[in-house]
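Visitor: Have a look at this one.
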Amino acid sequence: MIILLYSSNILYLHIFIIMYNSIEQIKVFYPLQTWEDNQILREKSEVVDIFDDEIKEFAEILLDLMYAYDWVGLAAPQVWKNIRVIATTQRKETNKWNKKSRKIIWETAMINPEILEHSEEKKKWEEACLSVPWLCGDVERWTWIVLKYQDKKWKFHVQKYTWFSAVVIQHEMDHLEWILFTDKVIWKIRKIDDKSEY
Ligand SMILES: [Zn+2]
């Protein structure tokens, strides 16, 4: 029994090492782009018009990287690829964050996202970004959007998103237009840790 337990632990350890290595290799191959003067983050992303296995694989990789960085959204330019693909997190309970709401979270890779309609009202959200480390700031976003996008199987979707989900999508879509949240901050850019002025 002891031998069996030991063996299975070693097996899990090996699986963990293989998985860890592969995501670390992906991170090297798709390096995270940071800071406001980065050229890649300041180039407009191109529409995906050829749907092949490479794009499908990239959509998966973008989702994997989003999990690996433990973030709620990621856009292709942030990992050195100027094409219109974003990875986003949505959740059903959109106006609060708690353990219960974590259970109904799901993630989607969106290709060629396009906002068809949006609310008139905007709401202020505190945002941060993997590409602008250690900083945060208040940005005004539409409270709902109707979005058209294609999934990794090239299928078209038209769907309404509200609150948190809508904000994440708007933030990630800004990356495709070379916009960072720091360009839109309505008051002060602050340091995440101590909230002091940047
Ligand atoms: Zn961002």
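Visitor: Suppose the filter is away from the ligand (no atom under 16 Å from the Cβ), under 23 Å from residue 41 (Cα atoms) and in a loop (DSSP other than H, G, I, E, B); does residue 153 pass it?
Guide: Against the criterion (away from the ligand (no atom under 16 Å from the Cβ), under 23 Å from residue 41 (Cα atoms) and in a loop (DSSP other than H, G, I, E, B)), residue 153 does not qualify.
Visitor: Moving on to the next point. Note down all Cβ pairs under 6 Å where the first residue falls in the stretch 169-186 and is in the same structural domain as residue 44 (by TED's automatic domain parsing), the second is part of a helix (DSSP H, G or I) and within 11 Å of the ligand (Cβ to nearest atom), and they're at least six residues apart or on different chains.
Guide: Listed pairs, sorted by first residue: 175/77.
Visitor: Only one of 114, 140, 120 is in a loop (DSSP other than H, G, I, E, B), away from the ligand (no atom under 15 Å from the Cβ), charged (D, E, K, R) and modelled with pLDDT of 95 or more; which?
Guide: Exactly one of 114, 140, 120 is in a loop (DSSP other than H, G, I, E, B), away from the ligand (no atom under 15 Å from the Cβ), charged (D, E, K, R) and modelled with pLDDT of 95 or more, namely 120.
Visitor: Check off (1) modelled with pLDDT of 95 or more; (2) assigned to a loop (DSSP other than H, G, I, E, B); (3) among the aliphatic types (A, V, I, L, M) for residue 50 and give me the number that stays unchecked.
Guide: Tallying (1) modelled with pLDDT of 95 or more; (2) assigned to a loop (DSSP other than H, G, I, E, B); (3) among the aliphatic types (A, V, I, L, M), residue 50 fails exactly one: (1).
Visitor: While we're looking at this one, here's another question. Looking at the stretch 162-189 only, could you name the residues that are more than 21 Å from residue 80 (Cα to Cα) and out of contact with any Leu (no Cβ under 6 Å at 6 or more places or on another chain)?
Guide: 162, 163, 164, 165, 166, 167, 184, 185, 186, 187, 188 - these are the residues of the stretch 162-189 that are more than 21 Å from residue 80 (Cα to Cα) and out of contact with any Leu (no Cβ under 6 Å at 6 or more places or on another chain).
Visitor: With the requirement that a residue be away from the ligand (no atom under 15 Å from the Cβ) and farther than 21 Å from residue 119 by Cβ, what does the stretch 156-181 give you?
Guide: Result: 156, single match.
Visitor: Return the total of residues in the stretch 45-85 being in contact (Cβ under 8 Å) with a residue 60 or more places away in the chain and more than 16 Å from the ligand (Cβ to nearest atom).
Guide: Residues meeting the conditions: 7.
Visitor: Still on this structure: Please state which of the following conditions residue 195 fails to meet, knowing it meets all the rest: (1) modelled with pLDDT under 90; (2) within 16 Å of the ligand (Cβ to nearest atom).
Guide: (2)
Visitor: Is it the case that residue 102 is under 17 Å from the mean Cα position of the chain (by Cα) and modelled with pLDDT of 95 or more?
Guide: no
The values are calculated or read from the model by the stated rules, or taken from the named source; none is laboratory data. The model shown is predicted, which means the values in this text are computed figures rather than measured ones. With ideal geometry, Cβ positions are generated from the backbone for all residues, glycine too; neighbour counts draw on all protein chains shown.
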